[in-house]
Amino acid sequence: MSTPPALNTALRACARGLHPAEAAIDLLISHALFLCRNDFRDRFVRHGVSITNGTTALATIDWSAAVTALDTGDLPSSGG
């Protein structure tokens, strides 16, 4: 199972230059679990396009909402 390449590219484009965000996105992509889950992607991934060129696809994670969902048991996962 893998994340759609377009999503990986959009997430990396949005995080580019923000080292903590780049690291987090790379971990999510390499872990290959949450980004493959519809319940995660549909609720916590936001899509858009670059305001500088109007064509580059961007995507970001709503980290606050994802962490809250994990903490409250609203996003099933293991402790790992």
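Some points to look at:
- Hey, F44 surrounded by 11 or more Cβ atoms within 10 Å (Cβ to Cβ), at pLDDT 95 or above and touching a helix residue (DSSP H, G or I) at 6+ places or on another chain (Cβ under 7 Å) or not: yes
- Matching residues in region 25-80 - criterion: being closer than 15 Å to P4 by Cα and either touching a His at 6+ places or on another chain (Cβ under 6 Å) or among the small types (G, A, S) (or both): S30, A32, A57, A59
- Residue check: R37 meets all listed conditions (1) within 12 Å of the chain's Cα centre (by Cα); (2) in contact (Cβ under 8 Å) with a residue 40 or more places away in the chain but one, namely (2).
- Within region 6-35, the set of residues being part of a helix (DSSP H, G or I) and modelled with pLDDT under 90 comprises H31, F34.
- Qualifying positions in region 52-65 - in contact with a Lys or Arg (Cβ under 8 Å, 6 or more places away or on another chain) and either exposed (fewer than 13 other Cβ atoms within 10 Å of the Cβ) or part of a helix (DSSP H, G or I) (or both): A65
- Unmet requirement for V49, which otherwise passes all of (1) surrounded by fewer than 16 Cβ atoms within 10 Å (Cβ to Cβ); (2) modelled with pLDDT under 95; (3) in contact with a Ser or Thr (Cβ under 8 Å, 6 or more places away or on another chain): (2)
- The single condition among (1) in contact (Cβ under 8 Å) with a residue 12 or more places away in the chain; (2) over 23 Å from S77 (Cβ atoms); (3) charged (D, E, K, R) that R16 does not satisfy is (1).
The values are calculated or read from the model by the stated rules, or taken from the named source; none is laboratory data. As the structure is a prediction and not an experimental result, all values here were calculated from the model. Every residue, glycine among them, receives a Cβ derived from its backbone with ideal geometry; neighbour counts consider all protein chains shown.
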